[in-house]
């Protein structure tokens, strides 16, 4: 459930493990307020590390881009899913092994750094296949070669399986969409294969970053429930969700336990602020700021007034308590299968929130 902090988050935690796409920048341009917020928290002593599922670019390129935006960074501050998946492959294959690379420059460089040889065709005698985000450079021909090689039974790896990625023009297909192409093309096999995935929400990337930074109290900061927030849960680390990327407010009330962030913020300025307490019970309702949220048959109703984000916090707490059957503030998180009857909103299987919840979100401006 949502936590509170009477201290600004950048003082309560020593290291921020920051996602990039949708958090720091989108389509190459900085997210509003991101640069001055990071400048301030860094000046106040918080360590910044950048943990990205985007395998297209090298850590050197990412660091140079961040520095150009006004966020000084070195390659050592950056961990990519390309590095993580290259390590997995190198642990399983001999040095000098050929790997069919369906991805961008970042993935190819990471393979070479691990002593592997990237190749482009299923006819080049590869010993494994790896997919990573390649942007517009990833052609249908490359996916065809990957599908042919996987269809021949070669080990299959993926840097990550994010279906989408934020861009300056909107939400674009991510590496997970390319993985689905290969998966669909190999369904004819008697035992259809599944890739070994290295990136978030697998805990390896956050764990490696914690080791690199010697973090004692890290905070994962991201824009996605299914990668950043789930990855924080998997690693036993607190998390801050910012609403500047893929996840919107409408997705939060139906979030399952593993997708629920510790804290909410509109953007990275949330690192500079305390987090309010949400109090109450399922029967009486949950309070935050000037808002009270009460769950009913048709969703969650809000009453009151105040800061919209406080209303969203109260709304989420009421919706999650109703889904879990947890009736008191601070109750232990319920098991994955709720004890209360499941509703479409609770399982996240509908196209949107239930009617009362949708009205409440609209009232908050979401």
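The values are calculated or read from the model by the stated rules, or taken from the named source; none is laboratory data. On a predicted model such as this, the values are computed, not experimentally measured, just so you know. Quick reminder, even Gly has a Cβ in these numbers, built from the backbone with ideal geometry, and neighbours come from all protein chains shown.
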Does residue 6 satisfy the criteria of being more than 27 Å from residue 138 (Cβ to Cβ) and more than 20 Å from the chain's Cα centre (by Cα)?
yes
For region 24-42, give me each residue that is part of a loop (DSSP other than H, G, I, E, B) and either crowded, with 18+ Cβ neighbours inside 10 Å or outside the structural domain of residue 243 (by TED's automatic domain parsing) (or both).
24, 31
Of the residues 247, 227, which is within 15 Å of the chain's Cα centre (by Cα) and either part of a helix (DSSP H, G or I) or more than 25 Å from residue 104 (Cβ to Cβ) (or both)?
227
Enumeration of residues in region 106-143 that are in contact with a helix residue (DSSP H, G or I) (Cβ under 9 Å, 6 or more places away or on another chain) and without any contact (Cβ under 8 Å) to a residue 12 or more places away in the chain
108, 112, 123, 140
If residue 100 satisfies all but one of (1) touching a helix residue (DSSP H, G or I) at 6+ places or on another chain (Cβ under 8 Å); (2) surrounded by fewer than 20 Cβ atoms within 10 Å (Cβ to Cβ); (3) not in a helix (DSSP H, G or I), what's the number of the condition it fails?
(2)
Among the residues of region 351-359, is there at least one that is in contact with a strand residue (DSSP E or B) (Cβ under 8 Å, 6 or more places away or on another chain), surrounded by 23 or more Cβ atoms within 10 Å (Cβ to Cβ) and either at pLDDT 95 or above or not in a helix (DSSP H, G or I) (or both)?
yes
Would you point out the residue of region 210-238, among those that are out of contact with any helix residue (DSSP H, G or I) (no Cβ under 8 Å at 6 or more places or on another chain) and buried (at least 23 other Cβ atoms within 10 Å of the Cβ), that is nearest to residue 162 (Cα to Cα)?
227
How do the strands (runs of 3 or more DSSP E) wholly within region 119-211 filter down when requiring 2 or more residues that are at pLDDT below 95 and not assigned by TED's automatic domain parsing to the domain that holds residue 24: which remain?
164-167, 170-173
Selection over region 282-329 where residues are touching a residue at least 12 places away in the same chain (Cβ under 8 Å) and either in the same structural domain as residue 248 (by TED's automatic domain parsing) or not in a strand (DSSP E or B) (or both) yields a count of 29
Search result, residues across region 270-281 that are under 30 Å from residue 46 (Cα atoms) and assigned to a strand (DSSP E or B):
275, 279
Please state which of the following conditions residue 45 fails to meet, knowing it meets all the rest: (1) farther than 30 Å from residue 172 by Cα; (2) not in a loop (DSSP other than H, G, I, E, B).
(2)
Identify, from the list 58, 74, the residue that is without any contact (Cβ under 8 Å) to a residue 12 or more places away in the chain and either surrounded by fewer than 24 Cβ atoms within 10 Å (Cβ to Cβ) or on the phi > 0 side of the Ramachandran plot (or both).
74
Among the numbered criteria (1) under 14 Å from residue 2 (Cβ atoms); (2) crowded, with 16+ Cβ neighbours inside 10 Å, which one does residue 272 miss?
(1)
